[in-house]
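Working notes for the structure below.
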Amino acid sequence: CPTPLEYLNFIFDMLQPLLAERRTMRNSLIEDGVIKYWCEIISTHSEKGVNDEVRQSAMGLMVEMWTLFPEAIESDPNLPKTLLGLLKTGGRDPNMSVQINALTSLFRLLDYFASSGVSYAPYVYKAIIFSLIENHANEEVRDFIMVNLASSLESMDQVPVGVLIEPLVKQTALKGYSNHDFPTFCVLAKHPRLSVRHGLILSDLLVVLFHLCFDFLLQNPSCCEGT
C-alpha cells in the first residue's frame, strides 16, 4: 500500500473478513495494540489540510473501527473526544464532499450510540444540531441534515427532542424554512419525548408557517392548478 489512501482502504476492506476468519482475531488486534495504532493513523489523516479523498476515507474507517472495537476506542479517555472533534471539524469544512462525509459519519455513530446505550450519543447529537444551525445558508447541507434527523429521530424514542426544537424554531422564525423541514417537524410532533412546553413552541411555529403558506396560495392561485 504505497499511499495513505490505499492503506486506509485496505484496512477498511480487510477488517470484516479478518474478524470472520478467526474468532480470536478481534482480541488479538486489541491486545497487541493494532487498533490503537490504526486509530492514530486515522486521527492523523482526518485532520484539516489533509488530501480530501484521504480524509474522507479516514473518517469512514473511524466509524467502522468504533463500531467494531468500541472497548478499544473507549479505553483511552482522550481518544473518543479526539475522533469526535475531527468529525465535528469535518462537518464545517468548505469542501462539500468532506462536509457530507463527516456528517454521514456523525449520523452513523449517533445510530450506533443510541442503539447500544453508549454515553457519547449526546455529544454527537449536539454536534449535529450545531451543524444544522451553522449551515442554514447552505441549503444542500441543511436539507441533508434535516432529512437524516427525521430518519434518526423516528427510530430513537429516548432522544430529548427539546434540545433540537428550541434552536430550530428560532432559526426557522428568523430565517425561513425549507420543504425538507416538514418531515422532521412531523417526527418531532409525534416523538414520545416531546414535552408539553416544547409541543406548544413547535405548534406555534407550525401555525405561523400554515398561515404563510395559505396567504401565498391566495396571492398565487395558479400554484394550485392541477393539484
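The values are calculated or read from the model by the stated rules, or taken from the named source; none is laboratory data. Just so we're clear, the structure is a prediction, and the values are computed from it rather than from any experiment. When we count neighbours, we look across all protein chains shown, and the Cβ atoms used for this are built from the backbone with ideal geometry, even at glycine. Heavy atoms of the whole protein, side chains included, go into the accessibility calculation; ligands, DNA and RNA do not. Shrake-Rupley method; radii C 1.70, N 1.55, O 1.52, S 1.80 Å.
A few notes on this one:
- Relative contact order (%) - region 64-143, alpha-carbon pairs under 8 angstrom, separation at least six: 20 percent
- Once the Cβ-Cβ distance of F210 and R23 is raised to the sixth power relative to R0 = 41 Å, the FRET efficiency obtained is 0.10.
- Candidates L61, L29, L109: whichever shows maximal mean-square fluctuation once the chain is modelled as a Gaussian network with Cα springs under 10 Å: L29
- Rounded to 0.05, the FRET efficiency of the I41 and R197 pair, given R0 = 45 Å and the Cβ-Cβ distance, is 0.45.
- The modelled label-to-label distance for the pair E154/F10, using points 7 Å beyond Cα in the direction of Cβ, is 4.1 nm.
- Theoretical ellipticity at 222 nm over the chain - DSSP helices of four or more residues, -39500 (n - 2.57) apiece, nearest 500: -24000 deg cm²/dmol
- In Å², nearest 10: area of Y7 left accessible to a 1.4 Å probe: 70 Å²
- Listed pairs K81/K170; K81/K126; K81/K190; K48/K175; K36/K126; K36/K88 exceeding 23 Å between Cα atoms: K81/K170; K81/K190; K48/K175; K36/K126
- Student exercise, region 10-109 dipole from Lys, Arg, Asp, Glu Cβ charges, in Debye to nearest 20: 240 debye
- Placing a pseudo-label 7 Å from each Cα along the Cα-to-Cβ vector at C1 and S75 gives an inter-label distance of 2.1 nm.
- Accessible-area value, M62, 1.4 Å probe, nucleic acids and ligands omitted, Å²: 0 Å²
- Sequence-separation-based contact order of region 18-79, relative, with Cα cut under 8 Å and 6+ spacing, percent: 28 percent
- Residues in region 30-36 carry Karplus couplings, in order, of 6, 5, 7, x, 5, 5, 4 Hz; the curve used is 6.51 cos²θ - 1.76 cosθ + 1.60 with θ = phi - 60°, and Gly or Pro positions show x.
- Against the criterion of solvent-accessible heavy-atom surface with a 1.4 angstrom probe, C1, C186 sort, most first, into C1, C186.
- For the chain, the residue among I145, A114, I100 whose Cα projects farthest onto the positive side of the dipole built from Cβ charges is A114.
- Whole-number accessible area per residue in Å² for region 59-165, which is evaluated in the context of all protein chains at 1.4 Å: 40 Å²
- Near L5, once Lys and Arg are set to +1 and Asp and Glu to -1 for all other residues with Cβ below 12 Å from its Cβ, the sum equals -2.
- Solvent-free Debye calculation, one equal scatterer per alpha-carbon of the chain: log10 I(q)/I(0) at 0.09, 0.14, 0.16 Å⁻¹ equals -0.46, -0.92, -1.10.
- The alpha-carbon positions of region 13-114 define a convex hull whose volume is 96 Å³ per residue.
- Heavy-atom accessible area ranking, 1.4 Å probe, most first, across L79, L132: L79, L132
- Per-residue ³J(HN,Hα) for region 91-105, Karplus 6.51 cos²θ - 1.76 cosθ + 1.60, θ = phi - 60°, Hz, x for Gly and Pro: x, 10, 5, x, 7, 4, 5, 5, 4, 5, 4, 5, 5, 4, 5
- Solvent-accessible area of T24, all protein chains in place: 80 Å² (probe radius 1.4 Å, heavy atoms, ligands and nucleic acids excluded).
- GNM flexibility winner over the chain from P17, P183, P192 (Cα, springs under 10 Å): P17
- Portion, in percent, of the accessible area of region 32-144 that falls on carbon or sulfur, probe 1.4 Å: 52 percent
- Mean separation of Cα contacts under 8 Å, 6 or more apart, over the residue count of the chain: relative contact order %: 12 percent
- The phi torsions of region 5-12, fed into the Karplus equation with coefficients 6.51, -1.76 and 1.60 and a -60° offset, translate into couplings of 5, 5, 5, 4, 5, 5, 4, 4 Hz, rounded to whole numbers, with Gly and Pro shown as x.
- Probe 1.4 Å, all protein chains present, accessible-area order of K126, K190, K36, largest first: K190, K36, K126
- Gyration tensor verdict on region 149-193 (Cα atoms; rounded if a/c is under 1.5, prolate if a/b is larger than b/c, oblate otherwise): oblate
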